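Enquirer: Below you'll find the structure I mean.
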């Protein structure tokens, strides 16, 4: 029944096929004419498509770009991939990305051992380091508490953090966790857990620099008011 | 003189440094606190940034994504890169990308040998193949005539094209070159060169399917009028 009512179309593009075919009808025919990419190129495009926000068009563009580049450039990229994957692990102290057992930041002699900034992800360490304002140490949780995703305190690096914070030299722990629902939960949980050992602070939320009061959302504005300081 | 008038700022971010520093002044200090990325990660980000339309932020995101993926996935990508670069060359007949001396399209027994579609770039072959409408053969010029960039007919695969077109089985050459100034020059040049041997056609220019007449540019509209056909 269903079949009988379908619009008959000899190929996926059949209808337009006739429109597009004014002269050499004989040369235009649908499908079955072999793969579009030569196999090694197809495999490269397939692999590139696994990257985040790389779709079929971008993957094709990247692959064709790479085929045009000198051999050495492609070999450098492949080597950098293998090398980074093989050598970059976690710092044993703060769990930031590191090619050494203990990361550069933890080993740095001029950095302040008494302040630990707690973040959820190595990306946050990178973002904070780019400000060049913080000279204490970090602790990377590896996520935030999220019961929906089965992530409780045990799945994060909270035990090692507790161990670090219980050392006598620690003067302050700064919680720098994004203010999502899960992030707030994690901040409150860590606040309660760590307050017996040391001063616990959290980063400020408010109007971003260059932000316009008129266009700020209500929650941000409420936080900005709440966090007001004397001039 | 100049120096004396400069606004004194102890670091690049010094001014904001004071604003951002309400509690632990001692922990906030500018610069010189080591590299932001561990070296193998820095090298990977640097290599990824060489890709087209990949800036520092995207490169960082891609690199951190790859570090989280299983070893096998990263190895597959590295291997696909090396393999594609090593194995993909040009077809000896049509100069399309191919891992074999003669490409799949040129070797395909069901494709029409009498029609050659001339394009400037392998990407154009891929785009035309995706329509699944053309079952003739291709010829990739490797660019368009552009005296400004030092590209004359000798830099393109025009000699081999002339050799192919002079074969008796050729019934038609379709010129499918993008209508830029250089593309038009190339189309006109090839038209004159090839007309003594065979029928030479070019693809139609006009309103794109789904395009709105009102919003089409004048040149496209003029071409659409010029290329009108009887119903």
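Enquirer: Look through A:42, A:63 and report the one residue that is within 12 Å of residue B:84 (Cα to Cα), more than 8 Å from every other protein chain (Cβ to nearest Cβ) and either touching a helix residue (DSSP H, G or I) at 6+ places or on another chain (Cβ under 6 Å) or free of Cβ contacts under 8 Å to residues at least 24 places away in the same chain (or both). Lay out the reasoning, then the answer.
Expert: Working: A:63 fails: more than 8 Å from every other protein chain (Cβ to nearest Cβ).
When all the criteria are applied, what remains is A:42.
Enquirer: A follow-up question, please. Considering only residues that are touching a strand residue (DSSP E or B) at 6+ places or on another chain (Cβ under 8 Å), farther than 27 Å from residue B:47 by Cα and more than 9 Å from every other protein chain (Cβ to nearest Cβ), which ones fall in the range A:95-137?
Expert: A:113, A:116, A:118, A:119, A:137, listed by residue number.
Enquirer: Across the range A:187-205, what is the number of residues that are touching a strand residue (DSSP E or B) at 6+ places or on another chain (Cβ under 8 Å) and either in a helix (DSSP H, G or I) or at pLDDT below 90 (or both)?
Expert: 4
Results for (1) more than 19 Å from residue B:58 (Cα to Cα); (2) touching a residue at least 60 places away in the same chain (Cβ under 8 Å); (3) surrounded by 20 or more Cβ atoms within 10 Å (Cβ to Cβ), shown as yes or no for each residue.
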site	(1), (2), (3)
A:58	no, no, no
A:80	no, no, yes
A:86	yes, no, no
A:101	yes, no, no
A:107	yes, no, no
A:110	yes, no, no
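Enquirer: Kindly indicate which of A:167, A:159 is assigned to a helix (DSSP H, G or I) and without any contact (Cβ under 8 Å) to a residue 24 or more places away in the chain. Even if it seems obvious, please write down each step before you answer.
Expert: Values: A:167 fails: assigned to a helix (DSSP H, G or I).
A:159 is the lone residue from the list that is assigned to a helix (DSSP H, G or I) and without any contact (Cβ under 8 Å) to a residue 24 or more places away in the chain.
Enquirer: Related question: For the range A:183-201, what are the residues that are surrounded by fewer than 19 Cβ atoms within 10 Å (Cβ to Cβ) and either closer than 18 Å to residue A:142 by Cα or without any contact (Cβ under 8 Å) to a residue 24 or more places away in the chain (or both)?
Expert: A:183, A:184, A:185, A:188, A:189, A:191, A:192, A:193, A:195, A:196, listed by residue number.
Enquirer: Same structure again: Would a scan of the range A:111-120 turn up a residue that is assigned by TED's automatic domain parsing to the domain that holds residue A:181 and under 29 Å from residue B:75 (Cβ atoms)?
Expert: Step one: list which residues in the range A:111-120 are assigned by TED's automatic domain parsing to the domain that holds residue A:181, which gives A:111-120.
From what is left, the residues that are under 29 Å from residue B:75 (Cβ atoms) are A:120.
Within the range A:111-120 (the criterion being assigned by TED's automatic domain parsing to the domain that holds residue A:181 and under 29 Å from residue B:75 (Cβ atoms)), the answer is yes, since at least one residue qualifies.
Enquirer: Collect the residues in the range A:76-94 that are facing chain B (nearest Cβ under 7 Å) and outside any loop (DSSP other than H, G, I, E, B), keeping them in residue-number order.
Expert: Taking the range A:76-94 and keeping what is facing chain B (nearest Cβ under 7 Å), we get A:76-78, A:80-85, A:87-88.
Scanning the range A:76-94 gives A:76, A:77, A:78, A:80, A:81, A:82, A:83, A:84, A:85, A:87.
Enquirer: Another question, if that's okay. Quick one: is residue B:30 modelled with pLDDT of 90 or more and facing chain A (nearest Cβ under 7 Å)? Walk me through it before giving the result.
Expert: On the way: modelled with pLDDT of 90 or more: no; facing chain A (nearest Cβ under 7 Å): yes.
No: the conditions fail for residue B:30.
Enquirer: Also, I was wondering about something else. For the range B:206-231, how many residues are part of a helix (DSSP H, G or I), surrounded by 10 or more Cβ atoms within 10 Å (Cβ to Cβ) and touching a helix residue (DSSP H, G or I) at 6+ places or on another chain (Cβ under 8 Å)?
Expert: Adding up the residues that qualify gives 1.
The values are calculated or read from the model by the stated rules, or taken from the named source; none is laboratory data. Treat the numbers as computed from the prediction; the structure is a model and nothing was measured. Neighbour counts are summed over all protein chains in view; Cβ atoms, including those assigned to glycine, are modelled from backbone coordinates with ideal geometry.
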